[in-house]
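Written below as structure tokens is the structure these notes are about.
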Amino acid sequence: MPAWRKALIRPELGAICGTIIVFAFFLVVARGTGMFAPQGILNWGVVSAQFAIIAVGACLLMIAGEFDLSVGSMIGFAGIVIALMSVTWGYPVWLAIIVAFAIALAVGALNGYLVIKTGLPSFIVTLAFLYVLRGLTIYGAIATTRQTIIGGVAEVAQGDPLAWLFGGKILGFLFVWLADIGLIGKFVAGPKAGQPVIDGIPMLIIWALALIAFAHVLLTRTRFGNWIFASGGDAQAARYVGVPVNRVKILMFMFSAFCATVFATCQVMEFGSAAADRGLLKEFEAIISVVIGGALLTGGYGSVIGAALGALIFGVVQQGLFFAGVESSLFRVFLGVILLMAVILNTYIRRMITGER
């Protein structure tokens, strides 16, 4: 196969091209708005990290040949579990976080088990859990507190050994130094006068980078990664050569639920509250990021780096339109165009790989 053809069928190619085009576009239309100033970069970096966290889980699951439409509902559910246990029932925040992760992993395993044992499409099974989890979230919040938003998490999380891992910031000293030498600005008035405008890197971004690195290494450098590709490419053929397809798929559903709970926990710690309607439509945003990143909807092909770039495109476009002063509703128009282009490119790649016409 010629080198140029190998390059064309790389799953990241479309995402790389899309990233270059998007950045070039906003460098032109949003120049001088602060979008590429340190604080602006942090803004769209945080948004992109949110998309990336759930996109990583969705990416591995889609490569394994399955979908998880319950991700958005899991975000709201996990957040309410943490808030109820810590604020309403008085348990330590660290225990509430552990319980939320345990329940999420159990639900992810149940999703995978039902898909395997019933033979139903994962679309149907996880769509059912989308409604089940959202209903339980709303019912649980109203039945215990008579409201769908539970605040006070920030207060009870003060000094908690695990809460900081999701809601803290790191490298604050670095930004103090950068402000002292004039590379970033300082607040000139108010209670933060004299402090740098960026006081650290949020743990949300660190989680996104860590999950991207872990998933990329898992997928490209381990035998289990080969099993993921094989399970999504041709499950029956994979079974014939000894790949534990059922176990792989169940673990990928659990990993998807884990990523959703990471997102939920970071969000609860950031806002200091949980809301029953959080995570709405996030499952589709995760799938869109993965598709933009080059994954095939049929499974067996994709890239974690591509999914991360898809999430970056998502975040930059969303924030870039705001900085450029464009009507926010046009974000969905841009997103639809990008998604359509990504699907067309992915279809062309699939035909190149399979030799279809």
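Please list, or write none, the lysines whose alpha carbon is within less than 22 Å of the alpha carbon of residue 169, excluding same-chain residues fewer than 8 places away.
Reachable lysines: 186, 192.
Got a sec? Which residues in region 150-172 would a label at residue 271 touch, if it sits 7 Å along Cα→Cβ and we count backbone N under 18 Å?
From region 150-172, the list is 150-157, 166-168.
Can you find, among 241, 254, 304, the residue sitting farthest towards the positive end of the charge dipole of the chain, where Lys and Arg contribute +1 and Asp and Glu -1 at Cβ?
Farthest towards the positive end: 241.
Using only the C-alpha atoms of region 130-203, find the volume of their convex hull and express it per residue in Å³. Walk me through the numbers on the way to the answer.
Details: hull volume 11.8 nm³, N = 74.
Convex hull volume per residue, Cα atoms: 160 Å³.
Hey, could you pull the Cα Rg and Dmax for the chain, both in Å?
Values for the chain (Cα only, Rg and Dmax): 21.2, 68 Å.
List the lysines whose Cα lies under 16 Å from the Cα of residue 249, skipping any in the same chain that are fewer than 8 positions away.
Reachable lysines: 117.
Just to be sure I understand the model, the point goes 7 Å from the Cα along the line to the Cβ. What's the resulting residue 192 to residue 147 distance in nm?
2.5 nm
How big is the gap, in Å, between the Cα center of region 125-158 and the Cα center of region 271-325?
23 Å
I'd like the projected area of region 137-285, averaged over all directions, using the convex hull of its alpha carbons. Report it in nm² with one decimal. Intermediate values should be presented prior to the final figure.
Working: hull surface 54.9 nm².
Directional mean of the projected Cα hull area for region 137-285 stands at 13.7 nm².
Taking a cut-off of 17 Å, what percent of all Cα-Cα pairs in region 165-220 are separated by more than that? Please list the in-between numbers first.
Numbers: 802 of 1540 pairs.
Across region 165-220, Cα pairs with separations above 17 Å total 52 percent.
When you count, for each residue, the other Cβ atoms within 10 Å and take the mean per peptide, how do 32-41, 79-88 rank with the highest first?
Answer by packing, highest mean first, reads 79-88, 32-41.
From the C-alpha coordinates alone, can you work out the Kirkwood hydrodynamic radius of region 25-115, in Å? Walk me through the numbers on the way to the answer.
Details: mean 1/r = 0.0624 Å⁻¹.
Result for region 25-115 stands at 16.0 Å.
What list of whole percents do you get for P(r) of region 224-328, with Cα-Cα distances grouped in 10 Å bins up to the one holding the largest distance?
13, 33, 33, 16, 6, 1
Excluding ligands, DNA and RNA, what is the solvent-accessible area per residue of region 288-329 at a probe of 1.4 Å, expressed in Å²?
Working: 1250 Å² over 42 residues.
Each residue of region 288-329 exposes 30 Å² on average to a 1.4 Å probe.
Express the Stokes-Einstein translational diffusion coefficient of region 79-120 in µm² s⁻¹, to the nearest whole number, given a Kirkwood radius over alpha-carbon pairs, 10 °C and a viscosity of 1.306 mPa s.
Roughly 141 µm²/s, to the nearest whole number.
If the only charges are +1 at each Lys and Arg Cβ and -1 at each Asp and Glu Cβ, what is the size of the charge dipole of region 4-163 around the Cα centre, to the nearest 20 debye?
420 debye
How large is ³J(HN,Hα) for each residue in region 210-227, as worked out from phi by the Karplus curve 6.51 cos²θ - 1.76 cosθ + 1.60 (θ = phi - 60°), to whole Hz, x for Gly and Pro?
5, 5, 4, 5, 4, 5, 5, 5, 4, 6, 10, 10, 10, 5, 4, x, 4, 5
Students often check this: by mean Cβ neighbours within 10 Å, which of 185-194, 297-306, 148-157 ranks highest, and how do the rest follow? If you can, show how the numbers build up before the last one.
Values: 185-194: 10.1, 297-306: 22.0, 148-157: 17.6.
Order by mean packing, descending: 297-306, 148-157, 185-194.
How big is region 43-196 along each principal axis, measuring the range of its Cα positions in Å and listing the largest first?
62, 39, 24
Taking amide hydrogens as modeled 1.01 Å from N in the peptide plane, which residues meet the under 5 Å criterion relative to residue 69, leaving out close sequence neighbours?
126, 127
The values are calculated or read from the model by the stated rules, or taken from the named source; none is laboratory data. Since the structure is predicted, the reported quantities are computational estimates derived from the model, not experimental observations. A quick note on method: Cβ atoms are made from the backbone with ideal geometry, for glycine too, and the neighbour counts reach across all protein chains shown. Heavy atoms of the whole protein, side chains included, go into the accessibility calculation; ligands, DNA and RNA do not. Shrake-Rupley method; radii C 1.70, N 1.55, O 1.52, S 1.80 Å.
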